Amino acid sequence: MAKIKLGDVEINYRIIISNRKTISLIIDPEKGLLVRAPERITDRQIEQIVRQKSNWIIKKQEKLKRIKPVVEREFVAGEKLPFQGEIYEIEVMESGEIKSVTVSLEDGIFLIKVPQDLKGDNRKEEIKRRLVEGYKKEARIKYKEGVELYRKKLGVSYNKIFIRDQKTRWGSCSSKGNLNFNWRLIMAPLSIMDYIVVHELAHLVHANHGDDFWKLVESVIPDYREKREWLRVNGYKLMNII
């Protein structure tokens with residue numbers, strides 16, 4: 001862990017060295033400031049960049065402090081969960097005829113069926129596990145559909161699609177052409193997922209976020225700025241729902 005001091009303010013950060021070409025600063029809600037850097041950069045160069053970005057870092061850290069703590073879910077009837085931009089209420093049914101938890105979306109509700117003998121924390125954890133499994137399954141379907149649609153429009157090809165649980169990223173594109181997507185976006189409107197899909201596919205053409213990159217994104221998602229703003233305002237909520 002490294003640190004710099006700016007008057008009365010101390011900025012602590014962790015350096016992660018990897019095979020990359022640029023430096024990336026990430027504010028992780030749990031791990032703090034992460035600096036992802038290429039192999040040949042020096043600690044002094046990293047420190048200079050952190051100092052240059054100190055105002056942005058401090059503002060981001062202060063914003064995180066203002067976010068209300070997440071109330072732990074009990075997964076009981078009446079609680080609500082988002083899916084594809086809509087809000088659905090949970091209904092729980094106990095049954096002595098089933099051996100494991102099942103989750104389905106029926107008639108506008110999340111119907112959760114639970115074995116009668118499953119109680120306490122085990123019950124809660126199993127419901128959560130099944131819900132996340134369901135979200136991930138639907139996310140994979142929608143991401144794959146989106147990738148197939150937009151790769152043709154952009155005239156690009158990719159290697160593999162991976163569904164991740166990332167706390168600081170909605171998507172990423174590797175040098176090998178692998179596309180990584182955050183399953184939590186299945187909670188958002190599908191148009192937001194489309195934007196992230198196009199964003200990552202565009203990186204197969206332009207590795208950076210230069211003007212040409214954003215022009216390419218805009219050619220497919222003309223209102224991409226609105227999508228970015230939606231994520232800026234609502235993104236942290238998706239990260240903390242389950």
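The values are calculated or read from the model by the stated rules, or taken from the named source; none is laboratory data. Quick caveat, the model's predicted, so the values are computed rather than measured. So basically every Cβ, Gly included, is an ideal-geometry build from the backbone, and we count neighbours across all protein chains shown. Protein only, heavy atoms only, side chains kept; ligands, DNA and RNA dropped before computing areas. Shrake-Rupley method; radii C 1.70, N 1.55, O 1.52, S 1.80 Å.
Could you grab me the full set of residues in the stretch 221-231 that are exposed (fewer than 14 other Cβ atoms within 10 Å of the Cβ), of a type outside the set (Asp, Glu) and not in a helix (DSSP H, G or I)? Pro222 - this is the single residue of the stretch 221-231 that is exposed (fewer than 14 other Cβ atoms within 10 Å of the Cβ), of a type outside the set (Asp, Glu) and not in a helix (DSSP H, G or I). Residues considered: Asn208, Asn234. Of these, the only one that is assigned to a helix (DSSP H, G or I), among the polar types (S, T, N, Q) and either in contact (Cβ under 8 Å) with a residue 24 or more places away in the chain or in contact with a helix residue (DSSP H, G or I) (Cβ under 8 Å, 6 or more places away or on another chain) (or both) is Asn234. If the condition is being open to solvent by 30 Å² or more (accessible area, probe 1.4 Å) and either in contact with a strand residue (DSSP E or B) (Cβ under 7 Å, 6 or more places away or on another chain) or more than 29 Å from Asn19 (Cβ to Cβ) (or both), then the stretch 175-189 contributes only Pro189. Can you say whether Ser157 is in contact with a strand residue (DSSP E or B) (Cβ under 6 Å, 6 or more places away or on another chain) and either of a type in the set (Ser, Thr, Tyr) or within 20 Å of Lys21 (Cβ to Cβ) (or both), as far as the supplied structure shows? The answer is no for Ser157.
When you go through Lys144, Lys137 one by one, which is the residue that is without any contact (Cβ under 8 Å) to a residue 12 or more places away in the chain and either open to solvent by less than 30 Å² (accessible area, probe 1.4 Å) or not acidic (Asp, Glu) (or both)? Full working, then the answer.
On the way: Lys144 fails: without any contact (Cβ under 8 Å) to a residue 12 or more places away in the chain.
That would be Lys137, the only listed residue that is without any contact (Cβ under 8 Å) to a residue 12 or more places away in the chain and either open to solvent by less than 30 Å² (accessible area, probe 1.4 Å) or not acidic (Asp, Glu) (or both).
Evaluating Ser172 against the criteria (1) within 15 Å of the chain's Cα centre (by Cα); (2) assigned to a helix (DSSP H, G or I); (3) among the small types (Gly, Ala, Ser) leaves one unmet condition, (2). Screening the stretch 86-102 for residues that are among the acidic types (Asp, Glu) and either within 23 Å of Arg184 (Cα to Cα) or touching a residue at least 12 places away in the same chain (Cβ under 8 Å) (or both) and picking the one that is most open to solvent (accessible area, probe 1.4 Å) gives Glu86.
Here the stretch 1-56 is the region considered, the condition is being among the basic types (Lys, Arg) and over 26 Å from the mean Cα position of the chain (by Cα), and the residue that is least open to solvent (accessible area, probe 1.4 Å) is Arg51.
Collect the residues in the stretch 190-220 that are closer than 14 Å to Glu138 by Cβ and either open to solvent by 10 Å² or more (accessible area, probe 1.4 Å) or among the β-branched types (Val, Ile, Thr) (or both), keeping them in residue-number order. Reasoning before the result, please.
Start the filter on the stretch 190-220 by keeping residues that are closer than 14 Å to Glu138 by Cβ, which leaves 190, 193.
Listed by number, the list holds a single entry, Leu190.
Of the residues Leu111, Leu118, Leu105, the single one that is part of a loop (DSSP other than H, G, I, E, B) and surrounded by 14 or more Cβ atoms within 10 Å (Cβ to Cβ) is Leu118.
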